[in-house]
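What follows is calculated from the coordinates using simple rules that are stated; it is not laboratory data. Model, not experiment: these values are computed from the prediction. Neighbour counts are summed over all protein chains in view; Cβ atoms, including those assigned to glycine, are modelled from backbone coordinates with ideal geometry.
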Amino acid sequence: GDSVTQMEGPVTLSEEAFLTINCTYTATGYPSLFWYVQYPGEGLQLLLKATKADDKGSNKGFEATYRKETTSFHLEKGSVQVSDSAVYFCALKVSGGYNKLIFGAGTRLAVHP
Amino acid sequence: SQTIHQWPATLVQPVGSPLSLECTVEGTSNPNLYWYRQAAGRGLQLLFYSVGIGQISSEVPQNLSASRPQDRQFILSSKKLLLSDSGFYLCAWSSGLETQYFGPGTRLLVL
């Protein structure tokens, strides 16, 4: 079945470091891919998305490119800030009529000054 | 603009007690609605989804149930809570397009 695998956390970085959080997926067809972010004590917010191969989603300095050949959607940011500390979820939308999302387990990011 | 509300924000309940969590959406009509659970330190598990009033689909067999009495209201219930029901419950909506938008969540602790 469809699934999403994320790198295990926590990821601990110093401010202004480069961030990569790996995400790979298994899916039939051509799913849309998403990154959601969850700040402490809050619900999930959509960070970025990509709907087809080679699309690049970007928002708030974060980027991810839909790589069909490697079934990946890695999240990157060139210079992280303390305020980026959160849990990041990769997800795919299953083909079908009700927009079912399948989430990865989440990766906790801690950025220190 | 659309907003989604959940309440209560936090709930502490004894084992065996009933549960009712409410989710409402404003600013849109006929949304798809979803209930997710996030256990401590884990990812999200889809529990229920609804594409219309009275239409509920369950993803995972359990002692929880869901109802949609109005177009923009989605309720998660249980007759008798278990310890394993503890977690963070998130409601989400989508317009039939791809993106789901999440509410602030309800943190449930069953003791």
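Could you let me know the centre-to-centre spacing of segment B:70-110 and segment A:70-93, using Cα atoms, in angstrom? Comparing the Cα centres of segment B:70-110 and segment A:70-93, I get a distance of 24 Å. Placing pseudo-labels 7 Å out from each Cα toward the beta carbon at residue B:22 and residue A:95 gives an inter-label distance of 4.1 nm. Provide the percentage of antiparallel DSSP beta bridges, counting only those with both residues in the protein assembly as shown; round to the nearest 5. Here the antiparallel bridges make up roughly 90 percent for the protein assembly as shown. In percent, rounded to a whole number, the relative contact order of segment B:46-111 is 22, using alpha-carbon pairs under 8 Å and six or more apart. Under a Gaussian network description of chain A, with springs only between Cα atoms under 10 Å, the residue in A:73, A:89, A:62 that fluctuates furthest is A:62.
Comparing A:25, A:39, A:66, which has the greatest mean-square fluctuation in the GNM of chain A with Cα pairs linked when under 10 Å apart? Ranking A:25, A:39, A:66 by mean-square fluctuation puts A:39 first.
Taking springs between alpha-carbon atoms closer than 10 angstrom, which of B:87, B:16, B:43 fluctuates most in the Gaussian network model of chain B? Of B:87, B:16, B:43, the Gaussian network model singles out B:43 as fluctuating most.
Amide hydrogen proximity for residue A:74: with H placed 1.01 Å from N in the peptide plane, the residues at 5 or more positions away or on another chain lying under 5 Å are A:23, A:65.
Note: relative contact order over chain B, using C-alpha pairs below 8 Å and six or more positions apart, is 36 percent. Taking a ≥ b ≥ c as the square roots of the eigenvalues of the Cα gyration tensor, an a/c ratio of 1.5 or more together with a/b larger than b/c marks chain B as prolate.
Under the rule a/c < 1.5 gives rounded, and otherwise a/b versus b/c splits prolate from oblate, where does chain A land using the Cα gyration tensor? Can you show the working numbers first?
Values: a/c = 2.03, a/b = 1.68, b/c = 1.20.
Verdict is prolate for chain A.
Could you calculate the FRET efficiency of residue A:39 with residue B:57 from 1/(1 + (r/R0)^6), where r is the beta carbon distance between them and R0 is 41 Å, rounded to 0.05? Step by step, r from the Cβ atoms, then E = 0.85. Ordered by the count of other Cβ atoms within 10 Å of each Cβ, fewest first, A:85, A:79, A:32 give A:79, A:85, A:32.
DSSP assigns beta bridges within chain A; of those with both partners inside it, close to 90 percent run antiparallel. Listed by chain and number, the aspartates and glutamates placed with their C-alpha closer than 14 angstrom to that of residue A:77 are A:15, A:16, A:63; residues fewer than eight positions away on the same chain are left out.
Here the residues B:106, B:28, ranked from fewest to most Cβ neighbours within 10 Å of their Cβ, fall in the order B:28, B:106.
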